[in-house]
């Protein structure tokens, strides 16, 4: 079974803090994705990566950056957290087609 | 770019009845259409998918149909059970690249 794990289920941070969200997959997938999920807006793509050290902006990259130093790990970074970044963050990895999600990190920025 | 619409946003059915959720997409290049089920507090889980070279796919009580000409696809759940209650998302993708998701449908199965 594919397993995608995320470092935290719940996280509370203060405005202006630097926040790291970690995602690890164990199936040697090339593709990895970060989404945020907000009520009524569905899943919106923040960043994605099709290979190590490769990254592409998604639909809403502003305020975020990513790092992919190893194939199995894809990190989402909030350089200076703001209250409008309070959300559920979902990591996913995929084969050429099927996409598998982690359990999500619910981030609250105070 | 791709745009995916999904209806209805909420759906309530009696246990044992069928449920149908419909999605439309805009990009004719999309060729892969997965459906996800998200239970409370969990990440979305892939439940069924269909590729553009197939018109229908079935897996036990779940089926998906695709009309490429009209650019719409639907999820059908028969003999619904309380454990089917969840939020369901459709998505469209071209060759497993950019996935675009619908806004979700909250399905409630009433006992």
- The alpha-carbon center of region B:1-63 and that of region A:65-110 are separated, in whole Å, by 23
- Give me a single rounded figure for B:19-26: the average over its residues of other chain Cβ atoms within 10 Å of their Cβ. 0
- Message: Can you tell me, using C-alpha contacts under 8 Å and at least 6 residues apart, the relative contact order of chain B as a whole percent?
- Response: 37
- Message: Expected output is a single nm value to one decimal: the length gained when fully extending between residue B:51 and residue B:110, i.e. 0.36 nm times separation in residues minus the C-alpha distance. What is it?
- Response: 18.0 nm
- Peptide B:89-99: average number of partner chain Cβ atoms within 10 Å per residue? 4
- Message: Going by average Cβ density within 10 Å per residue, which order do the peptides B:81-89, B:2-10, B:95-103 take, highest to lowest?
- Response: B:95-103, B:81-89, B:2-10
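Would you work out the relative contact order for region A:1-107, in percent, from Cα pairs under 8 angstrom that are 6 or more residues apart?
Taking the mean separation of contacting Cα pairs over the length of region A:1-107, I get 36 percent.
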- Item | Shielding by other protein chains, A:40-46, mean Cβ within 10 Å | 5
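Assuming 0.36 nm per residue, please report the length gained on full extension of the stretch residue A:38 to residue A:65 beyond their Cα-Cα distance.
7.8 nm
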- Spacing of the two label points (7 Å from each Cα toward its C-beta) at residue A:72 and residue B:40, in nm: 3.4
- Query: Put a dot 7 Å past each Cα toward the Cβ at residue A:95 and residue A:22; how far apart are the dots in nm?
  - Reply: 2.8
- Task: Would you mind telling me the antiparallel percentage of the DSSP bridges in chain B, rounded to 5?
- Result: 90
- If we sort A:22-29, B:13-20, A:96-103 on the protection proxy, mean other Cβ atoms within 10 Å, highest first, what's the order? A:96-103, A:22-29, B:13-20
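Quick note: the coordinates plus some simple rules give every number you see, no bench work behind them. All values derive from a computational prediction rather than experimental measurement. As a convention, Cβ positions derive from the backbone with ideal geometry for all residues, glycine included, and neighbour counts pool all protein chains shown.
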